[in-house]
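Report on the following structure.
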Amino acid sequence: MLKYNLLQHTWIKTLTTNRWPLLIARAVALGGFVFAILAGIIGTPVGNHNFAIVAVWIAWWAALMLVIVPFLGRSWCAVCPIPMPGEWLQNGAVLGPIQDKNKRKKFRRFPKIFRNIWLQNVAFTLLALFSAVILTRPSVTAWVLLGMILIAAGLSLVYERRAFCRHLCPVGGFIGLYSQLAPVELRVIDTQVCKAHTEKSCYQGSENGFGCPWNIYPGGMISGKSVNTNCGLCMECLRTCDYDNIALNLRAFGADIQPQNKIKLDEAYKAFIMLGSALVYSAVMLGPWGSLKNAAYQVGTLPWFGYAVALLAFTWVLLPVSFYLITQIANRLNPTSQSPRQNFEAYASALLPLGLAAWVAFSFSFVFANISYLWPVLSDPFGWGWNLFQTAGVAWTPIFSSQVPALQVLVLIGGLIWSGNTTQKIAIDRNASRQTWPVMAFIFAVTLLLIWLFVA
Amino acid sequence: MPSRSLYFRDLRILAAGAQSVSGILLAALVMAFAPFPEPFVEPTERTIGVMASSFEFSPAEISVNPGDLVTIELTSADVVHGLYIDGYDMQISADPGQTQTLTFTADKSGTFRLRCSVTCGDLHPFMIGKLHVGSNTLLWRGFGLATLSVFTLLVWMPATFRKRNQDTPDVEI
């Protein structure tokens, strides 16, 4: 498959291996993050006049879902400020590693039972249950962000490397999953070099850098393997590799979604949680049903419990179970030696493009309608009547309101075709092309439902 | 150097492929842009009362015919609410207990979101209703394109590859 190593360009190599550019980017992100927490706590409680809500849930979300995840994969994780304080405490340093090996502290490994993304699935679901409140109340957003920083820091003091990012971050789970579709990757150039290199400085760390903070062995980042899920693109392995044996490649979209790269059950479940949440959010937040919105918002009331049970049942039970049955039907149509679980996991990876398309389409509607709140908030971040940049009076004006529905349909059709094509590849790989039909029927039905929710 | 027969086989495959792909593309373009048949209904004047309260419009969905002269009477039941029509880019706002009117000609067909345009509470960004003007052609075009995509993936592509394999036996180089 065609790839292009960006590190051929000296300036890109310098930019990625030098610690300062990344540190500056992370410091800016941390500054914005702390400011958002501050604004959420001391600023106006009116969400769309508070920096915390507008910067995080409109501006950051737009950048994340419309640009970063589809095109740059896990790049956000490279600059995310949430693990920074914890990493500094863990490393005992801000910039580079402590040179004296004896002074480096040892930390415990994350419990084996949780070395997957099940906790991330639970964390995302929890956020989803309370999302109507988190997305609209600045103080709740602030406490959630602060809580994430504190939990990340606490885990860093006990467990090695970025345990929070790998196994607990509610956002990192889906970024990782969908980054398999992105056209960027870090991969080993020559695997033989890694096999012969006994020090494994990329994993163990050296005087040049830390061992992989994401707890993966960079020597195993082989082209064609699904590595993007767990690689945070922090570029640390570029610094520690003694042989310049790591490439930062531009590649085809979705290169990780190959029949041989089966996703695990926890990741398959994440695909359903994301697809199901996109459907539920589209109905609740973008639909005309006021009672649904109020049910999602009035936490602790009977309607909210109804909403919570419906969300949990839909994302954790109904969608995965119906898909499991679909894969069973597929196997009846064209039997293979694969177990039911293997079938389920294999075909679940075909849902990733449609899931990402659903979130992009959802974000189009939400972001373009509300992005104009950004200008007043930049001038008056706390809602205190300031006018720092003379933009406080900019009126709310939705943009591209005529074009958004057509864009949403196009994106969903793109997701349908990509998911359908992936399904075919998986079926052909196992010499069972008739298995395509039921899975495609499922993808088709979900697409129609999404189109109906967005433009009907 | 490839043999002459292989060269012609490749050309034939390319030509057949281009012909088939252009057929599918043409079908997609027709589905996306062809005029949609819509029954003509004599335009009329309509006055529609809309009550805005606690993050919802009532009625939540309004249906009119293309060309209708529509007057929306917006009444707010609790706090100040607004009403903005996507696509038409028009808005009004109403104080609690007051009614404001917005008159416009429904000269664009389709389904448009109604949004509250005045910050009215936490769920304000999600206070949404719908205005249907005539048929929702985008919805049907979307369904049509989705169906065409599935047909292409499930029926056309496998059939084309099968036919190609039968028509063009392997040639030794």
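For A:Asn48, the criteria (1) part of a loop (DSSP other than H, G, I, E, B); (2) in contact with a His (Cβ under 7 Å, 6 or more places away or on another chain) hold in every case but one, which is (1). Residues that are of a type outside the set (Gly, Ala, Ser), touching a residue at least 40 places away in the same chain (Cβ under 8 Å) and crowded, with 21+ Cβ neighbours inside 10 Å within the stretch B:84-119 comprise B:Ile85, B:Leu114, B:Cys116, listed in sequence order. The residue that is nearest to the other protein chains (Cβ to nearest Cβ), among those in the stretch B:109-135 that are among the small types (Gly, Ala, Ser) and part of a strand (DSSP E or B), is B:Gly129. The set of residues from the stretch B:36-63 being assigned to a loop (DSSP other than H, G, I, E, B), in contact (Cβ under 8 Å) with a residue 60 or more places away in the chain and polar (S, T, N, Q) comprises just one member, B:Ser54.
Applying a threshold of 6 Å to beta carbon distances and a minimum spacing of six or more residues, or different chains, the list of pairs starting in the stretch A:112-135 at a residue that is away from every other protein chain (no Cβ under 14 Å) and ending at one that is β-branched (Val, Ile, Thr) and part of a helix (DSSP H, G or I) reads A:Asn121/A:Ile273. Scanning the stretch A:382-427 for residues that are of a type in the set (S, T, N, Q) and surrounded by fewer than 22 Cβ atoms within 10 Å (Cβ to Cβ) gives A:Asn387, A:Gln390, A:Thr391, A:Thr397, A:Ser401, A:Ser402, A:Gln403, A:Asn421, A:Gln424. Residue selection: B:Thr147 fails the criterion of being out of contact with any Asp or Glu (no Cβ under 6 Å at 6 or more places or on another chain), modelled with pLDDT of 95 or more, β-branched (Val, Ile, Thr) and assigned to a strand (DSSP E or B). Reported count of residues in the stretch A:1-34, each being among the basic types (Lys, Arg) and within 30 Å of A:Val144 (Cβ to Cβ), is 2. Residues in the stretch A:326-343 that are free of Cβ contacts under 8 Å to residues at least 24 places away in the same chain and closer than 12 Å to A:Pro438 by Cα were compared, and the one that is surrounded by the fewest Cβ atoms within 10 Å (Cβ to Cβ) is A:Arg332. For the stretch A:203-252, how many residues meet the condition of being in contact with a Lys or Arg (Cβ under 8 Å, 6 or more places away or on another chain) and surrounded by fewer than 17 Cβ atoms within 10 Å (Cβ to Cβ)? Total satisfying the criteria: 5. In the condition set (1) more than 10 Å from chain B (Cβ to nearest Cβ); (2) loosely packed, with under 15 Cβ neighbours inside 10 Å, A:Val377 is compliant with all but (2). If the condition is being more than 26 Å from A:Val455 (Cα to Cα) and either touching a strand residue (DSSP E or B) at 6+ places or on another chain (Cβ under 6 Å) or of a type in the set (A, V, I, L, M) (or both), then the stretch A:285-315 contributes A:Val299, A:Leu302, A:Val309. When B:Leu83, B:Leu74, B:Leu69 are checked against the criterion of being more than 19 Å from B:Ile128 (Cα to Cα), touching a strand residue (DSSP E or B) at 6+ places or on another chain (Cβ under 6 Å) and aliphatic (A, V, I, L, M), B:Leu69 stands alone in meeting it. Restricting attention to the stretch B:101-112, does a residue exist that is under 15 Å from B:Met51 (Cβ atoms) and polar (S, T, N, Q)? Yes. Taking the criterion of being free of Cβ contacts under 8 Å to residues at least 40 places away in the same chain and at the interface with chain A (Cβ under 7 Å from one of its Cβ atoms), the residues of the stretch B:136-157 that qualify are B:Asn136, B:Leu138, B:Leu139, B:Gly142, B:Phe143, B:Ala146, B:Ser149, B:Val150, B:Leu153, B:Leu154. Of all the numbered requirements in (1) within 11 Å of chain B (Cβ to nearest Cβ); (2) farther than 30 Å from A:Ala142 by Cα, A:Asn431 misses one, and that requirement is (1).
Is it the case, given these coordinates, that A:Val377 is of a type outside the set (D, E, K, R) and under 30 Å from A:Pro45 (Cα atoms)? Spelling it out, A:Val377 is indeed of a type outside the set (D, E, K, R) and under 30 Å from A:Pro45 (Cα atoms).
Listed by position, the helices (runs of 4 or more DSSP H) enclosed by the stretch A:96-168 that each have at least 2 residues that are out of contact with any Asp or Glu (no Cβ under 6 Å at 6 or more places or on another chain), outside the structural domain of A:Glu207 (by TED's automatic domain parsing) and surrounded by 22 or more Cβ atoms within 10 Å (Cβ to Cβ) are A:118-129, A:138-158, A:163-167. Checking each residue of the stretch A:396-406 against the condition of being outside any loop (DSSP other than H, G, I, E, B), at the interface with another protein chain (Cβ under 10 Å from one of its Cβ atoms) and either at positive phi or among the aromatic types (Phe, Trp, Tyr) (or both) gives no match. For the stretch A:53-62, state whether one or more residues are in contact with a Gly (Cβ under 6 Å, 6 or more places away or on another chain) and within 14 Å of another protein chain (Cβ to nearest Cβ). Looking through the stretch A:53-62, at least one residue is in contact with a Gly (Cβ under 6 Å, 6 or more places away or on another chain) and within 14 Å of another protein chain (Cβ to nearest Cβ).
Checked against the criterion of being in contact with a Pro (Cβ under 6 Å, 6 or more places away or on another chain), assigned by TED's automatic domain parsing to the domain that holds B:Ala52 and modelled with pLDDT of 95 or more, the stretch B:110-129 has at least one qualifying residue. Away from every other protein chain (no Cβ under 14 Å) and among the β-branched types (Val, Ile, Thr): does that describe A:Thr327? When the stated conditions are applied, A:Thr327 passes them. The residue pairs whose first member lies in the stretch A:1-15 and is touching a residue at least 40 places away in the same chain (Cβ under 8 Å) and under 18 Å from A:Val188 (Cβ atoms), whose second member is of a type in the set (S, T, N, Q) and in a loop (DSSP other than H, G, I, E, B), and whose beta carbons are closer than 8 Å, counting only pairs six or more residues apart or on different chains, are A:Met1/A:Ser223; A:Lys3/A:Ser223.
The values are calculated or read from the model by the stated rules, or taken from the named source; none is laboratory data. In this text the structure is predicted, and so the values were computed from the model without any measurement. Cβ atoms come from the backbone with ideal geometry, glycine included; neighbour counts cover every protein chain shown.
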